[in-house]
Every structure is written in C-alpha cells, then in structure tokens.
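The values are calculated or read from the model by the stated rules, or taken from the named source; none is laboratory data. Everything numeric here is computed off the predicted structure, so don't read it as measured data. Cβ: placed from backbone, ideal geometry, glycine included. Neighbour counts: every protein chain shown. For accessibility, only protein heavy atoms count, side chains too; no ligands or nucleic acids. Shrake-Rupley method; radii C 1.70, N 1.55, O 1.52, S 1.80 Å.
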Amino acid sequence: MTAREKALDYTAALETALNRLHDEGRYRTFIDIERRKGHFPHAVWTRPDGGQQDIVVWCGNDYLGMGQQPVVLAAMHEALDATGAGSGGTRNISGTTVYHKRLEASLADLHRKEAALIFTSAYIANDATLSTLPKLFPGLIIYSDALNHASMIEGVRRNGGAKRIFRHNDVAHLRELLEADDPAAPKLIAFESIYSMDGDFGPIEAICDLADEFGALTYIDEVHAVGMYGPRGAGVAERDGLMGRIDIINGTLAKAYGVMGGYIAASAKMCDAVRSYAPGFIFTTSLPPAVAAGAAASVDYLKTAQYLRDKQQENARILKMRLRGLGMPIIDHGSHIVPVHVGDPVHCKHISDMLLEQHGIYVQPINFPTVPRGTERLRFTPSPVHSPRMIDDLVRAMDGLWAHCALNRAEISA
C-alpha cells in the first residue's frame, strides 16, 4: 500500500465531525441576510429556496443602530474617496494614516487614558495583548474569570506563563488564589464588565480593591459595554467611576459603534510595549482608512448621544417585562441583553427557525460551546430603533411558539 492509501480517510473524518454536530442538534447554519441602509433593524433574508423575505433582526450586535448613522456613513465615504479601499500595509509598513491616529486619540480620550492601540478585531486585541504581557513582565501570573470570552482564554493559554482560573465573579475565590502565590510575582487580573451570554456584570470595584491589595494589574473587557454605559459611553467602569483604576481596557468598534475593529486603552508605555512586541499587531494589515474614519465618527457621536443609550435600555426593560409576564425563563441581571433560557439545542433551533420562517423574526440560537450544554438560549438584543410594534410582534410570536414547543416536549416525554 502507498502512504496515501495507509493514511487517514480525511473526508470520512470530516463527515464524522460534522455529523456529530448534526446529531447533537448544534450544527450552525448561516442566515443569509441583506441589511438595508436607513431601514435597520429591517433586512431581507434569502431563503434556502432562493426566495426573499422581509425580516426584523433581533440578535444583532449593532446595539444602537450606528451602522446606519448618517454621520458615520459620511465619514466613511469621505475617507474612501480620499484614500481608496485598503490601508496598504501593516501599521509599521505604510499602514498608519491620519485616520488611524485620529481614532486612537478619540479612544484614549474616551477612556481617559494616555494612549490607545487599534486592532482588526477585539478578539485579536485580547489574544495579542494577553499573550504578549508575559514577555513584558517575566513570571507574570494571570488570574482569569472562568467565564471570560474565548479570545481572552486563548490569549492566556498561548502566553506560556502561569495562569489561575477563578470561579465566575467569585471574589473570595480570587482572593484565595492571590494569597497562595508569591507576593513578589507580577500579577494581572483579567475579567469582563458585562458577560454577554447571561448579561451579568463583573464586580469591578471589588476586583480593583484586590488588585491594589496584592499589587496586580487589572485588565477589563468592555466589549459589550462600550458605547452603551457611562455618560460618554466609555463602559461600565466609567458608569461606576472606576475607569481610573483599570490598567488596560479592551473594547470593540463592531458592536455599539456599528463598524469594525478592536482596541486597548492604557498608559502610553503599555500601548507602546504591546505595539512593539505583539505579533498579532505587528504582522497584521491595518484597518482600512474608511473603517477607521467611520469608527472615529461613531465614537465621537456616542460621547454625547445619551438619548440612544436611554432608549435602548428602555426597550430592553420593556421586552424583559413582557416576556417574563408570559412566564418565560428570562435571565435578567439588569443589562441590555435579553437571554431566554431554552435548555435544549434542538428545541432552541426549532424555535429560532419558526420565528424566522413563520414570523420574519431573526434571532440566532446560542448553543455549546458558546454556552455550557443544557443552557442553550435565544439571545435578544433590543435597539433604540426597535419599535413598539416590533416588540408586540415578537412577544406574540414567542407566546405562541413557546406553548407549541412545550406541548411537543410533553408529547415526546410521554
């Protein structure tokens, strides 16, 4: 036999892996939608049969509709006409423009930090920064919340340094871990301000107190909070008056700001060191100037657009109240995220499919590994531009489908 004949049947292995996802009811499908400028959250869905259907998007991360904001679009058009499509290189090799510098200055101002550093995504910003810090602080121990985002987990895993995982939001457990380590060792505590799947808040002040007591740096992921909380939209740390106690703030430009990209904000020396040592920054083509221009316009706009934050929070409260009134298992920690616990991947996708096909309502099922098995859910993200009628339509559809699925589950159990 030849080496190829002896080798693994690669195609069969791929089929086995994909079939496993189908069997578990968590195979993910792309929903092909076309957003229409000026009509968010409306979109057009291209069905599998090729037909098209008008839908309302209820699961987008463009939390405030800034991806449709005329100020943002105008800034992108201006930069596109002035510079062309791409940046032409990495930040070190021809890929730094006035638009990138303006964006970083606006982000540093937003978070009241000396500097900011932009990346192509918040995932890359987390991964690149957390995996680089042990190079800058030899012997660094990173203390990471158990429910931190995959990008933080990956950055901590890849850095080659010591790590400790503390139970989610468990400050007492974090203290135990800190007390067990060498007092002289450099330390960093990595956590989030809002955990996106449950919508709960991190205990920022208590963690900062521990960091002061044990001489640790603080690293917060504000991805689901920037633009959304605080008087200028700098996040939960700003809202709570704690921004000055955080050493490194990670944020995104792709959610509330409605564009694309990620960043860190920190001291000038911290940003300079990450810029100089992180492969994920050094070897990546920079954001297109038009994207940087649009993001800067969005950040600046939301520094004074409290009305959008207020309306979004109001819609989230109304939706939670109405779904809870129907007896649905809402996970409510007071944030803008509205998760409805289903607890089964098959039923979760079934409800999602029926909402889309029968009611023109698009909400993506959230399954393992994004959330633990048995906690599958539908995650709704109301925006300021979801109208009262859209909320009515969603509540009525959920009421009927929830009862239908409950009946089906009872019949299957019997």
### Query
Between region 92-121 and region 287-359, how many Å separate their Cα centres?
28
### Query
Just for the Cα atoms in the chain, what are the lengths along the principal axes, largest first, rounded to whole Å?
61, 58, 55
#### Entry: 96, 90, 16, ranked by accessible area, largest first (probe 1.4 Å)
16, 96, 90
### In degrees, nearest ten, helix 171-180 long axis to first principal axis of the chain (Cα)
40
#### Entry: Counted charge near residue 393, where neighbours are those whose Cβ lies closer than 13 Å (Asp, Glu -1; Lys, Arg +1)
0
### Query
Can you tell which of 118, 42, 72 lies farthest toward the positive end of the dipole of the chain, using +1 and -1 charges on the Cβ of basic and acidic side chains (Lys, Arg; Asp, Glu)?
72
### Message
Tell me the angle of helix 204-214 to the major Cα principal axis of the chain, expressed in degrees between 0 and 90 and rounded to the nearest ten.
### Response
30
### Message
I need to check one value: relative contact order of the chain, counting alpha carbon pairs closer than 8 Å and at least 6 residues apart, in percent.
### Response
21
### Query
Normalised by the residues of region 175-266, what does the relative contact order come to in percent, with Cα pairs under 8 Å and at least six apart?
23
#### Entry: Partner aspartates and glutamates for residue 163 [C-alpha distance under 18 Å; skip if fewer than 8 residues away on the same chain]
127, 145, 154, 176, 179, 181, 182, 192, 221
### Query
Which value, in debye to the nearest 20, describes the size of the charge dipole of the chain about its Cα centre when Lys and Arg Cβ atoms bear +1, Asp and Glu Cβ atoms bear -1, and nothing else is charged?
500
### Query
Taking a probe of 1.4 Å, how large is the accessible area per residue of the chain, in Å²?
45
### Query
Sorted by mean Cβ packing within 10 Å, highest first, what order do the peptides 295-303, 136-144 take?
295-303, 136-144
### Task
Give me the distance between the Cα centres of region 367-397 and region 183-211, rounded to whole Å.
27
### Task
Considering the convex hull of the alpha carbon atoms of region 108-211, report its projected area averaged over all viewing directions, in nm², one decimal.
7.1
### Query
Of the GluC sites (Glu not before Pro) in region 77-186, which ones lie in a loop per DSSP and count no more than 14 other C-beta atoms within 10 Å?
114
### Message
Could you work out what % of the accessible surface of the chain is carbon and sulfur, using a 1.4 angstrom probe and leaving DNA, RNA and ligands out of the count?
### Response
55
### Task
List the residues whose amide H sits under 5 Å from the amide H of residue 263, counting only those 5 or more places along or on another chain, with H placed 1.01 Å from N in the peptide plane.
119, 251
### Query
How would 30, 201 line up by accessible area, probe 1.4 Å, largest first?
30, 201
### Query
Given the protein chains as shown and a 1.4 Å probe, how many square angstrom of residue 2 are accessible, to the nearest 10?
70
### Query
Considering only Cα-Cα distances, which of the following residue pairs are longer than 20 Å: 311/349; 135/255; 255/303; 255/349; 37/320; 101/135?
311/349; 135/255; 255/349; 37/320; 101/135
#### Entry: Accessible surface of residue 27 - all protein chains present, 1.4 Å probe, nearest 10 Å²
90
### Query
Counting only residues 5 or more places away or on other chains, whose amide H sits under 5 Å from the amide H of residue 165 once H atoms are built in the peptide plane?
144
### Task
Taking all pairs of distinct Cα atoms, average 1/r, flip it, and tell me the Kirkwood hydrodynamic radius of region 300-405 in Å to one decimal place.
14.4
